[in-house]
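K.L.:
Here it is: the structure, laid out below.
The values are calculated or read from the model by the stated rules, or taken from the named source; none is laboratory data. Keep in mind the model is a prediction, meaning the values are calculated, not measured. Backbone-built Cβ (ideal geometry, glycine too); neighbour counts: all protein chains shown. Keep in mind that these areas ignore ligands, DNA and RNA; they rest on the heavy atoms of the full protein, side chains included. Shrake-Rupley method; radii C 1.70, N 1.55, O 1.52, S 1.80 Å.
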Amino acid sequence: MFHHRSSAEKKQSQKRNKSSTRTGESRGPVKRVNASGAGKQDRLNTLKQLRQAKKDELLSRKRLGAEHEDNRPAPPKVVALVAFHTQADVVSLKRQILATCGVEAEKASTAAPHVPAVAALPPFAQGGPGSGKPRVLLVAPPRDLLAVLDVAKCADVVLAVLGPHASLEEPAFDEQGYRLLTALKAQGLPVVLGAVRGESDALAMASHKRIADSKKFVARYFASELGAETKLFQAGTAEEIKALVRAIGGVTPKELTWRSDRGYLLAQEAEYSSADGVLCLRGYVRGPGLSCRHLVHLTGYGDFALARIATLADPCPVDRSSSSQTGGERVVDQCKEGDELDLQRLRPYDPTTAEQTWPTAEELGDADAAMMPPPRVPAHKKAAAAAIPKPEGAGDDGSDDAMDAEGSGAAADGDDEGMGSDDGGASLAPSGTVGTEDGWDISSNMTMEAPNAENIAAERNRREEMRQRSQEELEFPDEVDTPLDVPARERFQRYRGLKSFRTSPWDPYEDLPVEYSRIWEFEAFAATARAFRQQFAEDCWELEGGGVAALFCAVYIRGVPPSVLETQPRGVPFVVSNLFPCEQKVSVIHGVVTRHKGYDEPIKSKAELSLHCGFRRLSARTTFSEIPKKSSTCKKYRFLRFLHEGVTACASFYAPVVFPPSRLMMFAQTPAGPELVASGSIDGTDPKRLVIKKIMLTGYPFRVNKAKGVVRFMFFNPADVRWFKPVELHTKKGLRGHITESVGTHGYMKCRFNDHVKQDDTVCMSLYKRVYPKWYPPAWGGAADATPENA
């Protein structure tokens, strides 16, 4: 029987017949090309791909803290789950991730909220060949600023958890969330992923349109704060959790330069022995490792020495059949008897350094071998400074004595805070601020009396006065009124005139304060930092088995007081990091900071601030100065009385040495808690850096005749006019001149200028003196009532 064939079937048959006729045979299986028969360019490309794959694998291991090239597995990725809104449900998200990773259902559902938990990623979330079996360490800190920052210091991935609801009136980040996000950005963020997880009861009864709008708002808020390229995942269902876990497993950690050369440990377990004062911390060691030959820093509590380091069985082994996981504690390094570490904070005090006796040849040789020549303070200058009558409540610029006292150091300021001991005790924790239940700050920069109506009113008046001074400093920078009751030659006797602020010479060793005889100076700071980093890495690699990097270890820290475990917030893990040699010694630290826009209160130089320098946290009184725009042989930094909004300045303070690179953040204490006011980075250590304070005395032309004029109100007696006669004058309209002679008995003076002077011009005289940072021993754990002489 004849069957009709359609035209389409005929065309397909003809196409197959035509293809068979052209090739002559059917298509066979794909064969692998012989690499030896490939061209030269193909072989070069293959080798290049293999090298790049090996390089990527080594970089990935280094970013996770495994810098050894042996077969030891990389440590788990530290994933910090941070809630940026009160609606975000971090605890349930953490438990769901553990359940997805294969943890037992009962164990995952009862996981503690803020206790670190480690798990191996499932097969579908593992990377390509050569990446091994990745693991994750989930840490969900409390919604506290210090707790989140401490965990983020060690994190490889920050999982930003948001709530499911957002609108124009209610952003996806609440007030505390924005505060946390600003601080994390200033500290340096690792890789960031987003997850939307929360109690969706409020949206359960809502329409589909409202739910979709909420998702769009959350995505818009997230993209505006963390970038459109940052991935945001919904984490409501089991499939969405799997997608999130797959993304965590496939993410490549980002290297943070300020922690790349340091060994550190995020403690998963902590145990304290009160009998011998030893704190045992257990966790994975990252970076080059740790060694008992070097001191360690316990974040928030100070510098300590290690008693021993021991390796433990991995709680989440990659290969469960390995025999290395069955052993117990194995001591790798320990402090031997007779090996005492250098715990000296300050240089020994020598009262003879202020004497004026001529040194012998032997003493000159000893001085040349020292790091820095001792300061010489002439006795007649001390007597002259002590005899100067100071007007009450008056400074160089009308501010309080704490900022503008005439003493060259803290001992002459009149409000010195003293310093601490240099015996290098085991506990070197900085003192904390004191507050009341209602948030009233009664720290040293406000009041030490109990808060009452009178104190509150006085504090409000003080803050209002500070705002007025800050505004006045913006309008009339460096201008100072000459006092009426004290001669200007005595009030400003420590000041000098300069031909040029930028190019005029200034001896950095001239008339140094007593504090400079106690601190340390480096001859070649950058070269010293590189040498100490290399020395630390070699000491870590010389340990048994190639060191403890990337291994689960128990670190025993000796000399820890019981108050450390009592004051540690619940649910916040300890963070311990190594110190390079000489990082326990005190010197003048400099950093570059920029003020943030969210803080409205004025920030005055030498006010107490809380500083975060990498892993280190301390309190200091910072001196701000303007960074020179042009370089010169005698580089000078102009002192700033206030750190104004949006200004980038140099911050100088006494503190233990910190080798850059290192982040620097400044926090001010507010009733709502610490608030970030400025951020930047550590610039280095240099006691010779010149911070010069400039003041400007102003007068007004009384009579003018071409290039001559009579100026008044700059001085109020003829002796002052004769004293300051050598100093050059200038006007606000760009003229330059000098004093020719005094007129009368009320401080009038004749002046000559380089061009015609006008009646409405203002005559100025610039004077300069060197200022030093505020001596504040609590920065390195010292007592606040000690002085440089008796420390």
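K.L.:
Regarding the range 514-521, can at least one residue be identified that is assigned to a loop (DSSP other than H, G, I, E, B) and either loosely packed, with under 14 Cβ neighbours inside 10 Å or of a type in the set (Ser, Thr, Tyr) (or both)? Before you say what the answer is, go through the steps one by one.
P.N.:
Kept after step one, since they are assigned to a loop (DSSP other than H, G, I, E, B), are these residues of the range 514-521: 518-521.
Narrowing further to those that are either loosely packed, with under 14 Cβ neighbours inside 10 Å or of a type in the set (Ser, Thr, Tyr) (or both): none.
Taking every residue of the range 514-521 in turn, none turns out to be assigned to a loop (DSSP other than H, G, I, E, B) and either loosely packed, with under 14 Cβ neighbours inside 10 Å or of a type in the set (Ser, Thr, Tyr) (or both).
K.L.:
Hey, can you tell me all the residues within the range 572-591 that are in contact with a Leu (Cβ under 8 Å, 6 or more places away or on another chain) and either β-branched (Val, Ile, Thr) or assigned to a strand (DSSP E or B) (or both)?
P.N.:
572, 575, 576, 577, 578, 586, 591
K.L.:
Okay, moving on. Please pick out the residue among 245, 251 that is modelled with pLDDT under 90, under 24 Å from residue 158 (Cα atoms), open to solvent by less than 60 Å² (accessible area, probe 1.4 Å) and not polar (S, T, N, Q). Let's see the steps before the verdict.
P.N.:
Values: 245 fails: modelled with pLDDT under 90.
Just one listed residue meets the conditions, 251.
K.L.:
Quick check on the range 214-231: of everything there that is open to solvent by 50 Å² or more (accessible area, probe 1.4 Å) and in contact with a strand residue (DSSP E or B) (Cβ under 8 Å, 6 or more places away or on another chain), which residue is modelled with the lowest pLDDT? Before you say what the answer is, go through the steps one by one.
P.N.:
Just the residues of the range 214-231 that are open to solvent by 50 Å² or more (accessible area, probe 1.4 Å), to begin with: 215-216, 220, 224-225, 228-229, 231.
Remaining after also requiring in contact with a strand residue (DSSP E or B) (Cβ under 8 Å, 6 or more places away or on another chain): 215, 231.
Numbers: 215: 91, 231: 94.
By that ranking, first place goes to 215.
K.L.:
Let me ask something else about it. Please find, within the range 151-168, the residue that is farthest from the chain's Cα centre (by Cα) out of those that are among the small types (Gly, Ala, Ser) and surrounded by fewer than 24 Cβ atoms within 10 Å (Cβ to Cβ). Give the derivation first.
P.N.:
To start, the set of residues in the range 151-168 that are among the small types (Gly, Ala, Ser) comprises 152, 155, 160, 163, 166-167.
Next, from what is left, pick out any that are surrounded by fewer than 24 Cβ atoms within 10 Å (Cβ to Cβ): 152, 167.
Values: 152: 13, 167: 34 Å.
The residue in question is 167.
K.L.:
Next question, about the same structure. Which residues, taken from the range 734-785, are surrounded by fewer than 18 Cβ atoms within 10 Å (Cβ to Cβ) and within 26 Å of residue 299 (Cα to Cα)?
P.N.:
Hits for the range 734-785 are 783, 784, 785.
K.L.:
Checking residue 185 against (1) free of Cβ contacts under 8 Å to residues at least 12 places away in the same chain; (2) buried (at least 23 other Cβ atoms within 10 Å of the Cβ), only one condition comes out false. Which one?
P.N.:
Status for residue 185: all satisfied but (2).
K.L.:
Considering only residues that are within 22 Å of the chain's Cα centre (by Cα), among the charged types (D, E, K, R) and farther than 21 Å from residue 767 by Cβ, which ones fall in the range 624-650?
P.N.:
Once the filter is applied, which keeps residues that are within 22 Å of the chain's Cα centre (by Cα), among the charged types (D, E, K, R) and farther than 21 Å from residue 767 by Cβ, the range 624-650 yields only 645.
K.L.:
Go through the range 711-723 and count every residue that is open to solvent by 10 Å² or more (accessible area, probe 1.4 Å) and outside any strand (DSSP E or B).
P.N.:
Step one: of the range 711-723, the residues open to solvent by 10 Å² or more (accessible area, probe 1.4 Å) are 712-713, 716-719, 722-723.
Adding the requirement that they be outside any strand (DSSP E or B) leaves 713, 716-719, 722-723.
Residues in the range 711-723 being open to solvent by 10 Å² or more (accessible area, probe 1.4 Å) and outside any strand (DSSP E or B): 7 in total.
K.L.:
Let me ask something else about it. Criterion first (assigned to a strand (DSSP E or B) and either farther than 30 Å from residue 617 by Cα or under 47 Å from the mean Cα position of the chain (by Cα) (or both)) does residue 745 satisfy it? Show your work before the answer.
P.N.:
Numbers: assigned to a strand (DSSP E or B): no; either farther than 30 Å from residue 617 by Cα or under 47 Å from the mean Cα position of the chain (by Cα) (or both): yes.
No; evaluated as a whole, the condition is false for this residue.
K.L.:
Oh, and also: Could you count how many residues in the range 539-589 are over 22 Å from residue 778 (Cβ atoms), of a type in the set (D, E, K, R) and surrounded by fewer than 20 Cβ atoms within 10 Å (Cβ to Cβ)?
P.N.:
4
K.L.:
Which of the residues spanning the range 259-284 are free of Cβ contacts under 8 Å to residues at least 12 places away in the same chain and either among the hydroxyl-bearing types (Ser, Thr, Tyr) or crowded, with 17+ Cβ neighbours inside 10 Å (or both)? Break it down stepwise before answering.
P.N.:
Pass one, the range 259-284, residues free of Cβ contacts under 8 Å to residues at least 12 places away in the same chain: 271, 273, 275.
Result: 273, single match.
K.L.:
In the range 513-558, which residues are at pLDDT 90 or above, in contact with a strand residue (DSSP E or B) (Cβ under 8 Å, 6 or more places away or on another chain), under 29 Å from residue 337 (Cα atoms) and not aliphatic (A, V, I, L, M)?
P.N.:
Residues satisfying the conditions are 520, 536, 552, 553, 556, 558.
Here's the yes/no breakdown for (1) under 30 Å from residue 125 (Cα atoms); (2) small (Gly, Ala, Ser); (3) over 26 Å from the mean Cα position of the chain (by Cα):
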| site | (1), (2), (3) |
| --- | --- |
| 212 | yes, yes, yes |
| 222 | yes, no, no |
| 246 | yes, no, yes |
| 257 | yes, no, no |
| 287 | yes, yes, no |
| 307 | no, yes, yes |
| 311 | yes, no, yes |
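K.L.:
So which helices (runs of 4 or more DSSP H) are wholly in the range 152-263 and hold at least 1 residues that are in contact with a Phe, Trp or Tyr (Cβ under 7 Å, 6 or more places away or on another chain)?
P.N.:
Working: elements: 175-187, 201-204, 208-226, 238-250.
Result: 175-187, 208-226, 238-250.
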